[in-house]
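Participant: Below: one structure in structure tokens.
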Amino acid sequence: MLKGRNLIDPMDFTLEELEEIFKLADQIISNPEDFTHICQGKLLATLFYEPSTRTRFSFEAAMIRLGGQVIGFSEPNSSSVSKGESVADTIRTVGCYADIVAMRHPKEGAPKVAAINSPIPVINAGDGGHQHPTQTLTDLLTIKSIKGRLSNLKIGLCGDLKFGRTVHSLIKAISRYQNNKFVLIAPKELKVPEYIIKELNKNNIEYKEVEKLEDVIGDLDILYMTRVQKERFFNEEDYIRLKDSYILDEAKMSIASEDMIVLHPLPRVNEIAYEVDDDPRACYFKQAKYGMYVRMALIAKLLGVR
Ligand code: NCD
């Protein structure tokens, strides 16, 4: 039963509950007209303390396409946050007005604090360099729809694996399906945090850490590219040195298999050359679309209207 629940961590839902969400998302994709009124009279609040394009717009578009309405801020300085209000007080107040909240925050754990203090369901829309569970729902639905499975996959994750929260959430979530293997492609300074490596070891999940994309791209079913997370660096010099560590172009794509797909949570900066966009294996804009459908399904489930 998902009604009334929060989504803070990708492990909050069981595999059966995830399946329920993907099934509803598929139904919405096939017959969107059947769902245009199911959230009539319901209100989503989007509290975004950090910049966003896809996540906020896809949440808002999702709610509006379900017949609901949206309030919120995308710039915390325009709200009482600038007067020093705590997350706990903001959520208690917003909980008096709205039926469900999506929150993005630069501090790890802030959406969890919100959930503890909230009378309505809270969805973590990204907390610092920690987790991004709705991007993970997006990634899983995309992979399932395009590759036809969530198991037996060799998944390359490339770029900023240290600060990239989408990577952390995806590794956690897709490790739960059978026989997936990871190739972690990053410069030494941007390797996956130790706590994730420990989890992989503990769960006997096969992985390897490499620095060169060219050496491994030919073996992958999925290549998940990421942006170097400028806003989480402590100094500009390191960012400049590392920002162009990987650039996926057609020359590298020519080594990859015919049915490898390229994903990216977006926004991209330099890490995928524009020429790759026309390659049929480039699926990152399709992925953005799946993100809206999966958020429609998630909202409907947490509100208990489906
Ligand atoms: C990601 C994020 O915010 O973590 N973007 C998104 O939500 N699609 C990835 C990023 O900003 O690099």
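The values are calculated or read from the model by the stated rules, or taken from the named source; none is laboratory data. Note that this is a predicted model, so its numbers are computed, not measured. Glycine gets a Cβ as well: all are built from the backbone with ideal geometry, and neighbour counts include every protein chain shown. Just the protein is used for accessible areas: all its heavy atoms, side chains included, with ligands, DNA and RNA removed. Shrake-Rupley method; radii C 1.70, N 1.55, O 1.52, S 1.80 Å.
Participant: Using Cα springs under 10 Å in a Gaussian network model of the chain, which residue among Y246, Y195, Y284 shows the largest mean-square fluctuation?
Facilitator: Result for the chain, Cα springs under 10 Å: Y195 fluctuates most.
Participant: List the DSSP H helices in the chain whose Cα atoms stretch 18 Å or more along the helix axis and whose mean Kyte-Doolittle hydropathy is at least -0.5.
Facilitator: Counting only whole DSSP H runs, the qualifying helices are 15-30, 133-147, 284-303.
Participant: Under the rule of -39500 (n - 2.57) per DSSP H run of 4 or more residues, summed and divided by the residues of the chain, what mean residue ellipticity at 222 nm is obtained, to the nearest 500 deg cm²/dmol?
Facilitator: -11000 deg cm²/dmol
Participant: Okay, next question. Measure up K42/K147; K107/K191; K83/K243; K107/K208; K42/K112 against 32 Å on the Cα-Cα distance and list the ones that go over.
Facilitator: K42/K147; K83/K243
Participant: Still on this structure, please answer the following. Which net charge results for the neighbourhood of N6, defined as the other residues with beta-carbon distances under 14 angstrom from its beta-carbon, given Lys and Arg at +1 and Asp and Glu at -1?
Facilitator: Local net charge: -1.
Participant: At 1.4 Å probe size, with the rest of the protein present, what percent of the exposed accessible area of the stretch 48-131 is carbon and sulfur atoms?
Facilitator: Solvent-exposed carbon and sulfur of the stretch 48-131 make up 52 percent of the total.
Participant: Mind checking the per residue accessible area of the chain for me, 1.4 Å probe, whole number of Å²?
Facilitator: 44 Å²
Participant: Sorted by packing (mean other beta-carbon atoms within 10 Å per residue), highest first, where do 24-34, 79-89, 131-141 land?
Facilitator: 131-141, 24-34, 79-89
Participant: Still on this structure: Amide H neighbours of Y224 under 5 Å, counting only residues 5+ apart in sequence or on other chains, H built in-plane at 1.01 Å?
Facilitator: G156, L157, C158, L263
Participant: Find which of M1, P133, S245 sits farthest along the positive direction of the dipole of the chain, computed with +1 on the beta-carbon of Lys and Arg, -1 on that of Asp and Glu, about the Cα centre.
Facilitator: With unit charges placed on the Cβ atoms, the residue in question is M1.
Participant: With all protein chains present, how much of the accessible area of the stretch 133-288 (probe radius 1.4 Å) comes from carbon and sulfur, to the nearest whole percent?
Facilitator: Values: 3250 of 6880 Å².
After summing per-atom areas, the C and S share lands at 47 percent.
Participant: Viscosity 1.306 mPa s, temperature 10 °C: give me the Stokes-Einstein translational D for the chain in µm²/s, with Rh taken as the Kirkwood radius over C-alpha pairs.
Facilitator: 80 µm²/s
Participant: Among 220-230, 90-100, 11-21, how do they line up from the highest to the lowest mean number of other beta-carbon atoms within 10 Å?
Facilitator: 220-230, 90-100, 11-21
Participant: Still on this structure, I have one more. Please report, for the Cα atoms of the stretch 1-147, the Rg to one decimal and the Dmax as a whole number; what are they, in angstrom?
Facilitator: 15.1, 48
Participant: If you don't mind, there's one more thing I want to ask. Using a Gaussian network model of the chain with C-alpha springs under 10 Å, which one of Y177, Y49, Y293 is most mobile by mean-square fluctuation?
Facilitator: Looking only at Y177, Y49, Y293, the largest GNM fluctuation is found for Y177.
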